[in-house]
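Presented below is the structure to which this report refers.
Each reported figure results from applying straightforward, stated rules to the coordinates on display, with no laboratory input. Everything numeric in this text was worked out from a predicted model, so none of it was measured. Note: ideal-geometry Cβ built from the backbone for every residue, glycine included; neighbour counts use all protein chains shown.
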Amino acid sequence: MADALLAAIACTVLLVVVPYSDQTIAHPERLPVTFWGDLLAYAALAWRRRFPVPVLALVWTLWFIGGRWDIWAEWNAAWLELSTPTALMLVLYTGGRWTSSAWTGLFLGGTLLPAALTIVRMWTGPLPFPLPAPPDDLYVVSFVTCFAAWGLGRLRRSEAEAVARAVVREEASRTQAALAEERMRIARELHDIVAHNVSAMVIQSAGANAALLDDDKVSASAAVEAIGHAGRTALAELRFLLGFLREGPMALRPGIDAIHVLAEWLPIEVRLKIEGEARQVPAETGVAAYRIVQEALTNTLKHAGKDASAEVLLRYVPEGLHIQVTDDGVGSADQGTEAGRFGHGLIGMRERAEMFGGTMRAGALPGGGFRVEATLRWTDP
């Protein structure tokens, strides 16, 4: 559209200015032939970016057969008097800017042809066809002028390509960052699913074995049932995770309500307390809350001892959801530290809290036991 507008304006100026200035409006036959060549050259500018090489070939041909080879003199004669030399510089810029075809360089070198013909005439005498009177510089300035126009186009092309490469690199960097974040998210989900459920099954199996040795069939049956529940939960969550990787979300993930079920099936006493006015929790916030509680209770199972108990507190406040998991267990010296208790689990809980603009901290209590606290800020449901 811009090229068509440029061509229309240039042709309009030619049609208005040149005939009136030469007072040939009443006698069009008096217009020089070069005028029609100029008009054709500027009309071709409408396709200069779409077909840069053919348009350059047409304008170069019109310039060459028109005989106005001193481009600098023509360009400076009168700025309103558009002519083919000016159009030639424009299409050479277009060739440098919008194409890498070797033909562009060939036509640029062709601007030296008048100089070569002039030198031949100086050495051999008159040629079988008339030539314009040679200027003092043998048309070298014409080549320099055209080369400057083409070079400016090449410079603009190089800048545009550099910007495009930078955009591609930035997009690739964003893609890699997104992939890394997705890998971390999947790793957190897989860790939480496997660590909790496998730990629960191992502990329950030890309890079932002890109950069988004591001939306590009721306790053994409860432990086996708990093992089955943990296994089914792990399979369901793994199935969801695999379905998400293959085809996207296929089922609801565990949320706030699932914390009640989690507390009921653990082989230790877990008290669940809710403070504040309960509200609808966004799905992603619910998943993060469930995973944090799950990881904290998993480490209670592994480190606090078989006689430990835990308390899960969910406090609804205007700023977000506050989670607190406290146990009264005991363990070895290093189990009272964050490193001894969590490892990757601590990293996962902290990352989940930070995803929602919250914080997370964990540590041993002065009188024994361990506490995990996290805050998840509200997002729109």
- prompt: With a sphere of radius 12 Å drawn around the Cβ of Val317, what net charge do the other residues whose Cβ falls strictly inside it have (Lys, Arg +1; Asp, Glu -1)?
  reply: 0
message: Between Arg377 and Arg183, how high is the FRET efficiency from 1/(1 + (r/R0)^6) when r is the Cβ-Cβ distance and R₀ = 25 Å? Nearest 0.05.
response: 0.50
